[in-house]
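Enquirer: Sharing a structure below in structure tokens format, with a few things to ask.
Read-outs throughout are calculated quantities, based only on the coordinates presented, and are distinct from any laboratory measurement. None of the values given here were measured: they were computed from a predicted structure. Cβ atoms come from the backbone with ideal geometry, glycine included; neighbour counts cover every protein chain shown.
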Amino acid sequence: MENFTFYYISYIGSRGNVIMERLNIWRNNCIFHGCNSVLHNWEEGIQARGDLTDIASEAVLLYTFTYLGSRMKAKETDIRTNDTVHRIKKYIDDNFSNPDFSCEMLCAALNYNRKYISSLFKRHMQVGIIDYLNTIRIQHACTMMQQGFTSVTDIANLCGYRDAQYFSRVFKERLKLSPRSYMQELDKNR
């Protein structure tokens, strides 16, 4: 078993209960990992002079609650952010074949501002929405070609591209092969 340090913090008084209730800290979520940054404050509080012990203890307790509250808030924000990114990704995955797909359509469907969605998605996925959309479309096109589809126009249309030439250009930019060349390579390898 790996070495660990366990600190049990106990307090007497209703103020701590009020703060814990405000932060939604209950018996089922009162164990916190990675709180080494508050350790120094606790050590100093314990070593305070006798007549200052109660003030030092309250200060350390309030600082600890502030620290835990901000960590919990950040965790809640991360969960909401991940949920939003997941919803954006799912919407794109479900609607990539729609030739009318646009960021405006996505924003209207999810009820978010375009700038917010674009920056959030790029920050978490390391790719822009349109790049991701084109990636999904090209992956689907490759799957269709592997399944025996041979009409570039049909593949383009089924993947959400109205213009087969534009599809071919995007395909070639991404795979360094035209759709026809890709299909010929597939035939060679069968």
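Enquirer: Roughly what would the spin-label model give for residue 82 and residue 153, points 7 Å off Cα along C-beta, in nm?
Expert: 4.7 nm
Enquirer: Within a Cβ distance under 14 Å of residue 176, other residues only, what is the Lys/Arg minus Asp/Glu net charge?
Expert: +2
Enquirer: Just add up the charged neighbours of residue 127: K/R +1, D/E -1, any other residue whose Cβ is under 15 Å from the Cβ of residue 127.
Expert: +2
Enquirer: Give 90/172; 89/115; 115/176; 115/172 a once-over and call out the pairs whose C-alpha atoms are over 22 Å from each other.
Expert: Pairs exceeding 22 Å: 90/172; 115/176; 115/172.
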